[in-house]
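A short write-up of the structure that comes next.
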């Protein structure tokens, strides 16, 4: 059974569940339009050029994947897997190759024990989410959108304005707090971020909050200063709440491509990053960076930004992501299979 047919079979349930699944799937499809339009058009041209699957076909396919920022390690693994699958199934016709690529990309992404894409929050008591990332990646906006999502799930959410160094950062977070309808704990600009975290945790406990989302500085003088600051914040949080922070989410701008990978490596060295939030995925033609981050750093992508609206921050789903990359091609393959 093709990837598309198996994907469609999973979209079952009540009318409400099906409508929600279709809505989310369409968000991935629309959000990945730029990547798909460039990536899929090249794959389609390649399929038209080579009617038979041979080594020349594989070499050009490899180049297309690299241009989409899928990453060298991921592409190498994928090409080996594709060659084996083509030989095992005796696939000769390039027309059915997109479904095979889709299946293998999902397998590669989901491989490993650390593929936990759901937020790890406490069932009872206060959960702390620490946000890290450089300035300009959309960190504050993402915090606001995540607060909105958690609040809509019935949780009482509070925000901690820990980015006390950047001019306007506290005010920007307050704007989002007002928009979403959640309280923001803050101090004056230039205050000690760890002191803000201490106050915020005390306030969150007093007000019986379910989730405290903490903003942090995105730029310090050097990596050592950044590491020290994050360690200090982490120490204060864990002293007040054992096992906290429960999540350390790194916000990365998808439009920066391989530079996002460099940033992820830096923050991974500075703190225990538990998940990636990839912003502005709808604004890039290099959406393959999702796979590069996963396979290179072994950190799961937990959320992706697929647009400007409040509900366009979506939990990451590897199958919906891959479908978003190949939508039209997979649908066409399925139609061709049905006609046979």
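Odds and ends about this structure:
- Considering (1) in contact with a strand residue (DSSP E or B) (Cβ under 6 Å, 6 or more places away or on another chain); (2) at positive phi, the lone condition that residue 243 does not fulfil carries the number (1).
Conditions (1) out of contact with any strand residue (DSSP E or B) (no Cβ under 8 Å at 6 or more places or on another chain); (2) surrounded by 22 or more Cβ atoms within 10 Å (Cβ to Cβ); (3) at pLDDT 85 or above, marked per residue:
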residue: 251; (1), (2), (3): no, yes, yes
residue: 254; (1), (2), (3): no, yes, yes
residue: 286; (1), (2), (3): yes, yes, no
residue: 310; (1), (2), (3): yes, no, yes
residue: 315; (1), (2), (3): no, no, yes
residue: 318; (1), (2), (3): yes, no, yes
residue: 334; (1), (2), (3): yes, no, no
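- Single condition residue 170 does not satisfy, out of (1) farther than 24 Å from residue 302 by Cα; (2) assigned to a helix (DSSP H, G or I); (3) touching a helix residue (DSSP H, G or I) at 6+ places or on another chain (Cβ under 6 Å): (3)
- Residue count for the range 181-191 under the criterion of being closer than 24 Å to residue 232 by Cβ and in a loop (DSSP other than H, G, I, E, B): the result is 6.
- Filter pass, residue 227 being in contact (Cβ under 8 Å) with a residue 12 or more places away in the chain, more than 28 Å from residue 282 (Cα to Cα), crowded, with 23+ Cβ neighbours inside 10 Å and not assigned by TED's automatic domain parsing to the domain that holds residue 70: no
- Qualifying residue in the range 37-56 (condition: modelled with pLDDT under 90, farther than 30 Å from residue 233 by Cα and within 18 Å of the chain's Cα centre (by Cα)): no
- Screening residue 168 against (1) without any contact (Cβ under 8 Å) to a residue 40 or more places away in the chain; (2) touching a strand residue (DSSP E or B) at 6+ places or on another chain (Cβ under 7 Å); (3) surrounded by fewer than 16 Cβ atoms within 10 Å (Cβ to Cβ) leaves a single unmet condition, (2).
- Residue 70 within 19 Å of residue 255 (Cβ to Cβ) and crowded, with 20+ Cβ neighbours inside 10 Å: yes
- Restricting the range 75-90 to residues that are in contact (Cβ under 8 Å) with a residue 24 or more places away in the chain and crowded, with 17+ Cβ neighbours inside 10 Å, the residue that is farthest from residue 301 (Cα to Cα): 86
- Matching residues, the range 240-261, being more than 17 Å from residue 211 (Cβ to Cβ), in contact with a helix residue (DSSP H, G or I) (Cβ under 9 Å, 6 or more places away or on another chain) and assigned to a helix (DSSP H, G or I): 254, 255, 256, 258, 260, 261
- Taking the listed residues 163, 199, 178, the one that is crowded, with 23+ Cβ neighbours inside 10 Å, in the same structural domain as residue 251 (by TED's automatic domain parsing) and not in a strand (DSSP E or B) is 163, with no other qualifying.
- Tally, over the range 148-160, of residues that are surrounded by 23 or more Cβ atoms within 10 Å (Cβ to Cβ) and assigned to a loop (DSSP other than H, G, I, E, B): 0
- Screening the candidates 131, 165 for the property of being in contact with a helix residue (DSSP H, G or I) (Cβ under 7 Å, 6 or more places away or on another chain) and within 24 Å of residue 266 (Cα to Cα) yields one hit, 131.
- Those residues of the range 264-284 which are more than 21 Å from residue 193 (Cα to Cα), surrounded by 19 or more Cβ atoms within 10 Å (Cβ to Cβ) and in contact with a helix residue (DSSP H, G or I) (Cβ under 9 Å, 6 or more places away or on another chain), in sequence order: 264, 276, 277, 278, 279, 280, 281, 282, 284
- The set of residues from the range 107-147 being within 30 Å of residue 81 (Cα to Cα), at pLDDT 85 or above and either under 14 Å from the mean Cα position of the chain (by Cα) or crowded, with 21+ Cβ neighbours inside 10 Å (or both) comprises just one member, 118.
- A Cβ distance below 6 Å, combined with a sequence gap of six or more or placement on separate chains, defines the contacts here; from the range 103-115, residues that are farther than 12 Å from residue 290 by Cα reach residues that are modelled with pLDDT of 80 or more and surrounded by fewer than 19 Cβ atoms within 10 Å (Cβ to Cβ) in the pairs 104/81; 114/298.
The values are calculated or read from the model by the stated rules, or taken from the named source; none is laboratory data. None of these values were measured; they are calculated from a predicted model. Don't worry about glycine lacking a Cβ; one is built from the backbone with ideal geometry, like all the others, and counts go over all protein chains shown.
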